[in-house]
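This report concerns only the one structure given below.
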Amino acid sequence: MFERLSAVEERYEEVTNLLCDPDVISDTKRLRELSKEQSSLEETVTVYREYKLVVSQYEDAKAMQEEKLDDEMREMVKMEIAELAKRKEQLEDRLKILLLPKDPNDDKNVIVEIRGAAGGDEAALFASDLFRMYTRYAERHGFKVEVLEANPTDIGGYKEIVFSVSGRGAYSKLKFESGAHRVQRIPATESGGRIHTSTSTVLVLPEAEDVEVEINEKDIRIDTFCSSGAGGQSVNTTKSAVRVTHIPTGIVVSCQDEKSQHSNKDKALRVLRARLYDYHMQQQMAEQDATRKSLVGTGDRSERIRTYNFPQSRVTDHRIGLTLHRLEAILEGEIDEVIENLMLHEQTEQLKSHAHTA
């Protein structure tokens, strides 16, 4: 482990020096790549350097313990050794996690698609609740949210809403949200007070950069049409809405959120690029391991991952058996505890896997 850490530190220093090189500074692509690499190594190097300092202090304290000391000083040294030993162990555990293989998409921005599924109007209203939850969560973390496409209903829900979340580490935080989210509550339209169960699906895609997914103009068909509002009522008499079809894969993306056809086309291509990136990644993983399973579920939109129970103010994540009685706060974007537990579960499973194969 320590040989790998030394190599990481050496590479970090090399990259830092390269970033001061005038040839690198003048090469935008190279500069961006090295800046990303430096950023990805920074936490590991910082923790490793603290670890080396703590080890040095621990060894000095142990050596001091062998000297002739009065009782008071000996007790102080003993306490210091205990504290340093505890910190040393904490840093070792952290370094083991930092050395785990990183998801190459973790630092990417994301595109999130939420759709009302089973439950009609109630499912669409819940899709709106989920959109609000993720928007509030993004605001708390300083992420930027941009709506790319929305298909609202007459009563304030969404049949479908697609939006981007931009900010460092957005995918690492939100990637566990893909799946079916179930809500149990009494609809406003239910006169008998019966609890209904509805579902909305969430799909989180890493946003691909132009260099990662090249879209050949010959492979796409672009159709334009008039935008329409809730209930199909025309809200735009010009053909500003855009539908992009990727012919080789059959993937179709529509966007009518902007008044400009050009803006709608740009947004549609962003979504298409993310879906193509995910499409190719899924194919690669299937080829590498036909029986692969995610550490916290398959991420398939048909898989029920979480239940939001209003009568009991309860939220349960079924993948890790976590139940919290803080539904209102969670729907206001306070989902850090859920996400942190999912991340911890993934890391624990990875550590077990590495220990088994070591």
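The values are calculated or read from the model by the stated rules, or taken from the named source; none is laboratory data. All of these numbers come straight from a predicted model, not from anything done at the bench. Here the Cβ is made from the backbone with ideal geometry for all residues, glycine too, and neighbour counts use every protein chain on show. Just the protein is used for accessible areas: all its heavy atoms, side chains included, with ligands, DNA and RNA removed. Shrake-Rupley method; radii C 1.70, N 1.55, O 1.52, S 1.80 Å.
Things to note:
- Over the residues of the chain, the helix contribution to mean residue ellipticity at 222 nm works out to -16000 deg cm²/dmol, using -39500 (n - 2.57) for each DSSP H run of at least 4.
- Net charge of neighbours whose Cβ lies under 9 Å from the Cβ of Arg182, counting Lys and Arg as +1 and Asp and Glu as -1: +2
- With at most 10 neighbouring Cβ atoms within 10 Å, loop GluC sites (Glu not before Pro) (DSSP) excluded, longest segment of the chain: 68-213
- FRET efficiency estimate (nearest 0.05) - Cβ-Cβ, Glu209 to Arg74, R0 56 angstrom: 0.40
- Local electrostatic count, Asn341, Cβ distance below 11 Å [Lys/Arg +1, Asp/Glu -1]: -4
- Area of Tyr279 that stays accessible when all protein chains are in place (1.4 Å probe, Å², to 10): 90
- Estimated FRET transfer efficiency (Thr135, Arg314; beta-carbon r; R0 25 Å; 0.05): 0.65
- Take every DSSP beta bridge whose two residues both sit in the chain; close to 90 percent of them are antiparallel.
- Neighbourhood net charge (11 Å Cβ-Cβ; Lys/Arg +1, Asp/Glu -1) for Thr316: +4
- Gain on full stretching of the segment that runs from Glu66 to Asp27 - 0.36 nm per residue minus C-alpha separation: 8.4 nm
- In the stretch 142-223, Cα pairs under 8 Å separated by at least six residues give a relative contact order of 21 percent.
- Working from label points 7 Å from Cα in the Cα-to-Cβ sense, the Ser39 to Glu10 distance is 2.7 nm.
- Solvent-accessible heavy-atom area per residue, rounded to whole Å², over the chain at 1.4 Å: 56
- Most mobile listed residue (Ser40, Ser166, Ser56) in the chain, GNM with C-alpha springs under 10 Å: Ser56
- The candidate values were (i) -0.43, -0.66, -0.79; (ii) -0.45, -0.73, -0.88; (iii) -0.29, -0.49, -0.61; the one computed from these coordinates for log10 I(q)/I(0) by the Debye sum over Cα atoms at q = 0.07, 0.09, 0.10 Å⁻¹ carries the label (i).
- Cβ-placed point charges (K, R +1; D, E -1), dipole of the chain about Cα centre in debye, nearest 20: 1580
- Dipole in debye (nearest 20) - the stretch 133-177, about Cα centre, beta carbon charges: Lys, Arg +1; Asp, Glu -1: 340
- Carbon plus sulfur fraction of accessible area for the chain, probe 1.4 Å, in percent: 48
- Taking Met343, Met133, Met76 as the candidate residues, the one with maximal mean-square fluctuation in a Gaussian network model of the chain, Cα springs under 10 Å, is Met76.
- Comparing mean-square fluctuations of His181, His262, His345 from a GNM of the chain with C-alpha springs under 10 Å, the top value falls on His262.
- Cα-based helix-to-principal-axis angle, 71-98 vs the chain, degrees rounded to 10: 40
- Helix axis angle, 121-140 relative to the chain longest principal axis, alpha carbon, degrees: 40
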